[in-house]
1. Out of the chymotrypsin sites (Phe, Trp or Tyr not before Pro) in the range 31-135, which ones are loop residues according to DSSP with at most 11 other C-beta atoms within 10 Å?
2. First select every other residue whose beta carbon is under 13 angstrom from the beta carbon of Phe78; then total the charges, Lys and Arg +1, Asp and Glu -1.
3. Please give the length that would be gained between Phe200 and Ala147 if that part of the chain were fully extended, namely 0.36 nm times their separation in residues minus their C-alpha to C-alpha distance (nm, one decimal).
4. Give me the orientation-averaged projected area of the Cα convex hull of the chain, in nm², one decimal.
5. In whole angstrom, note down how far apart the Cα centers of the range 168-191 and the range 65-82 are.
6. Given Phe200, Gln143, Ala20, which one lies farthest toward the positive end of the charge dipole of the chain, if we put +1 on the Cβ of every Lys and Arg and -1 on the Cβ of every Asp and Glu?
7. Counting only helical runs of four or more DSSP H residues, what would the 222 nm mean residue ellipticity of the chain come to if each run contributes -39,500 (n - 2.57) and the total is spread over all its residues?
8. Starting from the Cα of Thr37, step 7 Å toward the Cβ, then list every residue of the range 66-85 with an amide N under 11 Å from that point.
Amino acid sequence: MPSVTTRRSGVAERRAAIEARILAAVERLLDGGERFTDLGVQRIVEEAGVARSTFYMHFRDKSALILRLAENLGTTVFGMTTRWDPEADDAVDALVAVTVETIRFYRERAHLLGAVLEVAAYDEAVRDFWSAQLEEFVARGRQFVEAAQQAGHTPGSVRTDTTVRLFVWGGMQTIAHHIATGDSTDDAAVAREIALAQWFGAFRRPT
């Protein structure tokens, strides 16, 4: 007879599989040109091949869906950036490389990024969640800048919070705009400009 733990594990696996199926269906629809705002739950469940009641067993509403997609985006990119070491000998080149990787990651998921930004413009919960995700990057950047100040690499007069928010929020807007309107052949050049602006504007600002 299966143990309680085994049964619970099986339920959790089935739940995760259904959620992944629904999320994948939304991604396909967005990638196909659908706007998230125009997507109805019925369209989503038809694409996913699940019942409407099943959808609501896993997601409270469409906002819960976009929150999950936003979480996946932010978590992955945060993992990329935390690998960067500002004290490494190749720190500048590595920062450029991380920024290139970030832009390419978002470009491959432009339909998801566009949907998150679209909904964040009118949905307070999504806007707050996306803002909180970006603030994690701000907190990480603040640590880097403060360490650079303590090491004498950048002036103590640099307003840390303002500088880091400028680069995090401004960088995100620049990346989103570039992906929406620019060509992928310019990704490396855009990444380099963003990275150098961050490096010389915050981490190694001249006195």
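1. Numbers: sites: Phe36, Phe55, Tyr56, Phe59, Phe78, Trp84, Phe105, Tyr106, Tyr122, Phe129, Trp130; in loops: Phe59, Trp84, Tyr122.
Filter output for the range 31-135: Tyr122.
2. Details: positive: Arg83, Arg140; negative: Glu71, Glu101, Glu135, Glu136.
So the environment of Phe78 carries a net charge of -2.
3. Numbers: separation 53, 0.36 × 53 = 19.08 nm, distance 1.49 nm.
Using 0.36 nm per residue and subtracting the Cα-Cα distance, I get 17.6 nm.
4. Values: hull surface 60.1 nm².
The number I arrive at for the chain is 15.0 nm².
5. Using only Cα atoms to place each centre, the spacing works out to 18 Å.
6. Ala20
7. Values: 9 runs with 153 residues, N = 207.
Calculated at 222 nm, the ellipticity per residue is -25000 deg cm²/dmol.
8. none
Coordinate-derived values only; no laboratory data. Remember, it's a predicted structure, so these values are computed and weren't measured experimentally. Every residue, glycine among them, receives a Cβ derived from its backbone with ideal geometry; neighbour counts consider all protein chains shown.
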